[in-house]
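Note sheet for the following structure.
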Amino acid sequence: MDNFANLLDGFANVLTPMNLLFALIGVTIGTAVGVLPGIGPAMTVALLLPVTYGMEPAQAFIMFAGIFYGGMYGGSTTSILLNTPGESSSVVTAIEGNKMAKAGRAAQALATAAIGSFVAGTIATVLLVVVTPPVVQFAISLGAPDYFALMLLAFVSVTAVLGASRVRGFASLLLGLVIGVIGIDQSGQQRLTFGLPQLADGIDVVVVAVGIFAVGEALWIAAHLRRRSGEVIPVGQPWLGKQDWKRSWKPWLRGTAFGFPFGAVPAGGAEIPTFLSYVTEKKLSKHPEEFGRGAIEGVAGPEAANNASAAGTLVPMLAIGLPTNATAAVMLAAFEGYGIQPGPLLFTRESSLVWTLIASLFVGNLLLLVLNLPLAPAWARLLRIPRPYLYAGILFFASMGAYAVNAQPFDLYLLLALGLLGFGMRRFGLPILPLIVGVILGPRAELQGRRALQLSGGELHGLVGGWVSWLIYATIAVVLLWPLIGRFVVRPLRGRLVTA
Amino acid sequence: MSGMTTRPDRGGDLPPRPPAVPDIPAQPGPEAAAAGPPPAAATAPGADDPAAGRTPEESPAADPAADAVAEPAPRPDRAQYGVVAFLALVGGLVIFDATTRIGRAINTADPIGPKPVPILLGVLLLVIAVIYAVDVARGGAGEPEAGEDVDLTVPVDWRTVLLLIGAFLVNAVLIDRLGWVISGTILFWGSAYALGNRHYVRNLLIAVALSLITFYTFAIGLGVDLPAGVLQGIL
């Protein structure tokens, strides 16, 4: 019960007035940016990174934890009240949520989303506490070849599993890996710096993330700005009737069961579990005829799945140092910004920090519930912010954050170049996540790969370690060859079954 | 809210779009080649895109689509060949840098050295460029990103984008000379103007307030590096 004691210490750290204030700031900012169109939690953490370097790491992470969960919750408010989800994980919520809102049941939709998020977030965080230590134990036994293989798996899975077009995913990943190469490498040689001293230290991850997310998004939206914003459905105080409670609690639990495992495996993401949850609830519901017209189960389940999957992504991020979504990737960069190496050693070296972070997830979750039920009408008003101010503000804070990293205007030009890259990627349907993961994990993968080859004296067999790396390479092969396997193995088999 | 997840492109067919001629303003240096926008250009006669009438600087990069004759509708999204050219260009640049500019590793304990990884990436980029080109030729198209405030039925509004880039560059040029409070004010006011807001005085007040608040909270309160510039001693 060592971990339990650590967790209690974590709670003791969070429950000081100052740290509670940071948690409150985090969930407030997180919900606000989640509600606001065009801003997501990953962008927010990236924007806040440079301004938090002066803070204690623990306080910064308490705030980030709040932003993490707050952003999730805010996104559901937008999709329920506006029916134009910005995140693919909220798409499913919008299906029934917006129908409910149109039928005058916005208060119930928001309430089941908020309470469902709280239930799912709390259960998933408990699971995180239970699951992470064994994963850490396992990760400690891994060597450089295994880590290299794991990172390759992360690359392949964010690229090939999420998103439909593999070639566009790989193009994005390779661009990210190239950006990660820029700078002085481990042997002291300058790569892709073109003699520019500002590039010698590489491009800061904050500049990349802010450029691609914030500037790219603002430019892209500006190019296609909807002149008449969508109709915001007015909402009062969220509440649930007895019948709604009865219909919601099972979907919450089932959604959590779908969401957490998908979040915890690389490339699980939030889309698949939210969709699975929706389909399951539709099948199990006693009111299937309501689906498509605003069934509360169709909001409760997917919202819980969404939140549980967000908590699940923290397992590989904390235990192995593998980010599986954009926010986790930026939080990984944040750890490095504070000179902390994520991975299995994190739990021994920075034990207090990690458990404070986990405790603040519980606290943030509770704060969100307390904050969001009464504040829902205020959040709904936020949706009416004039769009010129919103996007001008994004560019304003993006410039400030990027400049603050190194205090040099050069980074602003770099930011614009990356923003234009982000613009082009949105125009041509190149996914963003592989690029970010490539930038952040690329240098680490190279380090582990070169370390592995160093041990073997440069022979390629050095990249293959124990059974773990074999297993991972096999998984990568299956993922990469899946279209062929589907065509030549699965389909003929299915055909035989049908004829038999 | 592209933050959490990237929207999976569903590979659906694009509605025929008016051709977009992107203007690439003064690139900040060679690094832009690695980080710039895909040089895309697909000019077709009879385009009704308002931006086409203006005088955009043509992207200098070689573009296989530029000399292609427009076919009758449904027209494939030929601007995608610009992405192919961009990927090939980056790949070539990475290989060039790795083979000519990176020195030999001195450390014998590191048998790999700094070269193979960039060379591998460059080769993969060239391979992906070829596959991409084949995909485009076979009618593949990426779906432009949707969002709450995005209306994909209207063509790209280049005037707004260029004005925003202008406001952004003015801030980059002036931030060290005049300080964040002034350059940030110009950035916010200019961006709001570019996005179509015409409350000049109200916007100026908001911009000044925002710049002052951020300066005092972050530069003075949290010790973030924001220049005071000419207002040094006054703020």
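The values are calculated or read from the model by the stated rules, or taken from the named source; none is laboratory data. It should be emphasised that the depicted structure is a prediction, and the values quoted were computed from it without experimental measurement. Methodologically, a virtual Cβ is constructed for each residue, glycine included, from the backbone with ideal geometry; neighbour enumeration extends over all protein chains shown. Areas reflect the complete protein model, heavy atoms only, side chains present, ligands, DNA and RNA absent. Shrake-Rupley method; radii C 1.70, N 1.55, O 1.52, S 1.80 Å.
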- Message: Can you pull out the trypsin sites (Lys or Arg not before Pro) in the range A:152-241 whose DSSP state is coil and whose Cβ has at most 15 other Cβ atoms within 10 Å?
- Response: A:R227, A:R228
- Taking both sides together, what accessible area is buried at the B/A interface, probe 1.4 Å, expressed in Å² and rounded to the nearest 100? 9000
- Shielding by partners for B:218-224, please: the mean number of other protein chain Cβ atoms within 10 Å of each residue's Cβ. 5
- Cα-based shape type of the range A:367-412, given that a ≥ b ≥ c are square roots of the gyration tensor eigenvalues and the cut on a/c is 1.5: oblate
- Item | For chain A, calculated [θ]222 nm from helices alone, where every DSSP H run of n ≥ 4 adds -39500 (n - 2.57) | -24000 deg cm²/dmol
- Query: Can you give the average number of partner chain beta-carbon atoms within 10 Å of each beta-carbon in peptide B:135-146, as a whole number?
  - Reply: 5
- Run the quick spin-label model on A:L493 and A:A5: label points 7 Å from Cα toward the beta carbon, then report their separation in nm to one decimal. 5.0
- Task: Check each of the chymotrypsin sites (Phe, Trp or Tyr not before Pro) in the range A:234-325 and keep only those in coil by DSSP with at most 16 other C-beta atoms within 10 angstrom; list them in order.
- Result: A:W239
- Note on the structure: Placing each pseudo-label 7 Å from Cα in the direction of the beta carbon, A:T348 and A:F138 end up separated by a distance in nanometres of 1.9
- Can you give the FRET efficiency for A:W467 and B:V123, using 1/(1 + (r/R0)^6), R0 = 51 Å, r = Cβ-Cβ distance, to the nearest 0.05? 0.95
- Message: Given chain A, report the % of alpha carbon pairs whose separation exceeds 28 Å.
- Response: 54
- Span from the the range B:182-235 Cα centroid across to the the range A:421-500 one, whole angstrom: 46
- Considering protein heavy atoms only and a 1.4 Å probe radius, which residues within the range A:23-61 exhibit an accessible-area decrease of no less than 40 Å² in the full assembly relative to the chain by itself? A:V51
- Bins of 5 Å from zero: percent of alpha-carbon pairs in the range B:158-231: 3, 19, 24, 24, 17, 9, 4, 0
- Query: Tell me, what % of the accessible area of the protein assembly as shown is carbon and sulfur with a 1.4 angstrom probe?
  - Reply: 66
- Message: Highest mean first, how do A:192-199, B:113-120 rank when packing is the count of other Cβ atoms within 10 Å averaged over residues?
- Response: B:113-120, A:192-199
- Stretchable slack from A:I25 to A:K286, in nm (0.36 nm times residue separation minus alpha-carbon distance): 89.9 nm
- Item | Residues along the range A:171-192 losing 50 Å² or more of accessible surface when the other protein chains are present rather than the chain by itself (probe 1.4 Å) | A:L174, A:L175, A:V178, A:Q189, A:R191, A:L192
- Note: B:V201 to B:T153 extended length (0.36 nm per residue) minus current alpha-carbon separation gives 14.0 nm
- PRE zone check, label point 7 Å out along Cα-to-Cβ of A:S456, amide N under 18 Å, scope the range A:145-178, hits A:145-153
- Just counting partner chain Cβ atoms within 10 Å, what average do the residues of peptide A:212-222 show around their Cβ? 6
- Query: What accessible area per residue, rounded to a whole number of Å², is obtained for the protein assembly as shown using a probe radius of 1.4 Å?
  - Reply: 38
- Task: Along Cα→Cβ, 7 Å out, is where each label goes; now give me the distance between the ones at B:A137 and A:V126 in nm to one decimal.
- Result: 5.9
- Query: Taking Cα pairs under 8 Å and at least six residues apart, what relative contact order does chain A come out at, in percent?
  - Reply: 28
- Task: Please give the peptides A:152-161, B:163-172, A:37-46 ranked by average Cβ packing (other Cβ atoms within 10 Å per residue), highest first, as a rough proxy for protection.
- Result: A:37-46, A:152-161, B:163-172
- Task: Arrange the peptides A:104-110, A:319-325 so that the one whose residues have, on average, the most other Cβ atoms within 10 Å appears first.
- Result: A:319-325, A:104-110
- Task: Take the Cβ-Cβ distance between A:I184 and A:L366 as r, set R0 to 45 Å, and report the resulting FRET efficiency rounded to the nearest 0.05.
- Result: 0.50
- Query: Tell me which lysines have Cα within less than 30 Å of A:K282's Cα, excluding those fewer than 8 residues away on the same chain?
  - Reply: A:K99, A:K102, A:K242, A:K246, A:K250
- Task: Please sort by residue number the trypsin sites (Lys or Arg not before Pro) in the range B:169-233 whose DSSP state is loop and whose Cβ has at most 10 other Cβ atoms within 10 Å.
- Result: B:R198
